[in-house]
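Presented below is the structure to which this report refers.
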Amino acid sequence: VPPPVAPTKVRVWDLPTRVFHWLLLGLIVFSVVSAKIGGNMTIWHMRAGYAVLALLLFRILWGLVGSQSARFASFVKSPFAVFRYLAASFANKAAPIAGHNAAGGYSVLLLLTALLTQAVTGLFIDDEIANQGPLYQKVPASVVSWATRIHHWNENVIYVAVGLHIVAILVYTFVKREPLVKAMVTGEKEWPAAYAKPDLAFRPLWLAVVLICATSAFVYWLVTIFPK
Ligand code: HEM
Ligand code: HEM
């Protein structure tokens with residue numbers, strides 16, 4: 001009998017991806033609360049929406065040129081891979097994954113798409129009372145009306161996507177006993193010794209800083225300078 005080997009820790013999430021996640025969570029909660037309060041909070045709702053937009057654009061770029069575990073190419077798999085993964089997972093035979101699993105990959109895409117839809121439609125919104133998005137005069141009235149309807153309707157898509165996300169995290173934490181949340185905080189996952197350690201490529205922090213500055217500047221330009 002070979003001696004038991006203690007699991008080792010491996011770094012799976014880089015700092016930019018983790019900061020992105022927890023900032024996004026805070027901003028989405030704030031966006032929904034400020035939208036419900038309305039009134040004087042609407043201006044803060046819109047500002048939080050701009051911050052979300054800058055973050056999402058950053059995440060898309062990071063998904064293209066960022067660290068390996070954050071790249072779309074490394075976690076967007078075929079739908080068949082989702083079934084294979086889920087079958088293995090239910091049978092408790094899934095190998096550990098240094099990143100999103102095949103099902104989680106689609107959940108990430110759903111979350112990012114729903115949130116991007118919300119942030120972009122917000123730019124063209126017009127509630128016909130007091131509040132307009134910064135770009136509503138730049139497009140035909142029909143676009144404004146569509147954007148406004150989508151902004152209200154897509155709220156429900158966001159709740160469903162976030163709800164599924166949280167249920168999945170709860171299942172992993174309490175049923176499968178995999179501390180995913182801890183990994184999203186510390187960046188590290190326990191790696192069972194029976195499996196070969198993954199060798200992920202990480203990108204330097206300065207690249208993420210450059211990208212977030214660029215997307216923030218772009219959004220600032222889009223909502224303040226461009227409309228004039
Ligand atoms: C408004 C609420 C939330 C939104 C919009 C959201 C969004 C996201 C997104 C976009 C990702 C993908 C991360 C990436 O690759 O960039 C993600 C992953 C993750 N989220 Fe959330 N999240 C929310 C709430 C939460 C909460 C409340 C928790 C738990 C306390 C949580 C835990 C995690 C974990 C652990 C992952 C990594 C999953 C994995 O290991 O594959 N999220 N979330
Ligand atoms: C991604 C971030 C965003 C989220 C999650 C979000 C969410 C929401 C929700 C849930 C509502 C409906 C509140 C209700 O009446 O029950 C709402 C309304 C509104 N949103 Fe957003 N929004 C976001 C981004 C934006 C942006 C970027 C703008 C504009 C710059 C914006 C402008 C508005 C306005 C003006 C309303 C009020 C519309 C009305 O009273 O009919 N939102 N938002």
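The values are calculated or read from the model by the stated rules, or taken from the named source; none is laboratory data. Here the structure is a predicted model, which means the values were calculated and not measured. Every residue, glycine among them, receives a Cβ derived from its backbone with ideal geometry; neighbour counts consider all protein chains shown.
Would you confirm whether or not region 168-189 contains a residue that is within 18 Å of Ala114 (Cα to Cα) and at pLDDT 95 or above?
First, the residues of region 168-189 that are within 18 Å of Ala114 (Cα to Cα): 168.
Among the residues that remain, those that are also at pLDDT 95 or above are: 168.
Checked against the condition, which is being within 18 Å of Ala114 (Cα to Cα) and at pLDDT 95 or above, region 168-189 yields at least one hit.
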Residue pairs, Cβ under 6 Å, 6 or more apart or interchain, first in region 206-225 and more than 17 Å from Leu116 (Cβ to Cβ), second assigned to a helix (DSSP H, G or I). List them. Ala208/Pro16
Give the residue that is surrounded by the most Cβ atoms within 10 Å (Cβ to Cβ), with candidates limited to residues of region 6-22 that are β-branched (Val, Ile, Thr) and not in a strand (DSSP E or B). Val12
In region 74-91, is there at least one residue being surrounded by 18 or more Cβ atoms within 10 Å (Cβ to Cβ) and either aliphatic (A, V, I, L, M) or closer than 18 Å to Val185 by Cα (or both)? no
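Taking Ala147, is it part of a loop (DSSP other than H, G, I, E, B), away from ligand 1 (no atom under 16 Å from the Cβ) and either within 30 Å of Arg47 (Cβ to Cβ) or small (Gly, Ala, Ser) (or both)? I'd like the intermediate steps shown before the answer.
Numbers: part of a loop (DSSP other than H, G, I, E, B): no; away from ligand 1 (no atom under 16 Å from the Cβ): yes; either within 30 Å of Arg47 (Cβ to Cβ) or small (Gly, Ala, Ser) (or both): yes.
In short, no.
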Enumeration of residues in region 23-71 that are assigned to a helix (DSSP H, G or I) and among the small types (Gly, Ala, Ser): Gly26, Ser31, Ser34, Ala35, Gly39, Ala48, Gly49, Ala51, Ala54, Gly63, Ser69, Ala70
Scan of region 138-170 for residues that are within 13 Å of ligand 2 (Cβ to nearest atom), of a type outside the set (A, V, I, L, M, F, W, C) and under 22 Å from the mean Cα position of the chain (by Cα), ordered by number: His151, His152, Asn154, Glu155, Asn156, Tyr159
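Among the listed residues Val32, Val52, Val65, Val19, which satisfies the condition of being closer than 17 Å to Glu188 by Cβ and β-branched (Val, Ile, Thr)? If you could, list the steps in order and put the result at the bottom.
On the way: Val32 fails: closer than 17 Å to Glu188 by Cβ; Val52 fails: closer than 17 Å to Glu188 by Cβ; Val65 fails: closer than 17 Å to Glu188 by Cβ.
Result: Val19 is the single residue among Val32, Val52, Val65, Val19 that is closer than 17 Å to Glu188 by Cβ and β-branched (Val, Ile, Thr).
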Given (1) without any contact (Cβ under 8 Å) to a residue 40 or more places away in the chain; (2) surrounded by 20 or more Cβ atoms within 10 Å (Cβ to Cβ); (3) within 12 Å of ligand 1 (Cβ to nearest atom); (4) over 19 Å from Tyr172 (Cβ atoms), number of the condition Phe124 does not satisfy: (3)
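Just to be sure before I move on: is Ala98 aliphatic (A, V, I, L, M) and not in a helix (DSSP H, G or I) in the structure I sent? Walk me through how you get there before you give the answer.
Values: aliphatic (A, V, I, L, M): yes; not in a helix (DSSP H, G or I): yes.
Spelling it out, Ala98 is indeed aliphatic (A, V, I, L, M) and not in a helix (DSSP H, G or I).
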Selection status of Lys77, within 16 Å of ligand 1 (Cβ to nearest atom), outside any helix (DSSP H, G or I), at pLDDT 95 or above and over 17 Å from Gly49 (Cβ atoms): yes
Which of the residues that make up region 218-228 are surrounded by fewer than 12 Cβ atoms within 10 Å (Cβ to Cβ) and not in a loop (DSSP other than H, G, I, E, B)? Trp221, Thr224, Ile225
Pull out all pairs, ordered by first then second residue, where Cβ-Cβ is under 6 Å, the residues are six or more apart or on different chains, the first lies in region 130-142 and is farther than 19 Å from Gly49 by Cα and in contact (Cβ under 8 Å) with a residue 12 or more places away in the chain, and the second is in a loop (DSSP other than H, G, I, E, B) and not β-branched (Val, Ile, Thr). Val139/Phe124
With (1) more than 13 Å from ligand 1 (Cβ to nearest atom); (2) in contact with a Leu (Cβ under 9 Å, 6 or more places away or on another chain); (3) within 19 Å of Pro179 (Cβ to Cβ); (4) not basic (Lys, Arg) as the list, and Tyr50 as the residue in question, which single condition is left unmet? (3)
Looking only at region 185-204, count every residue that is outside any strand (DSSP E or B) and surrounded by 16 or more Cβ atoms within 10 Å (Cβ to Cβ) and tell me the total. 5
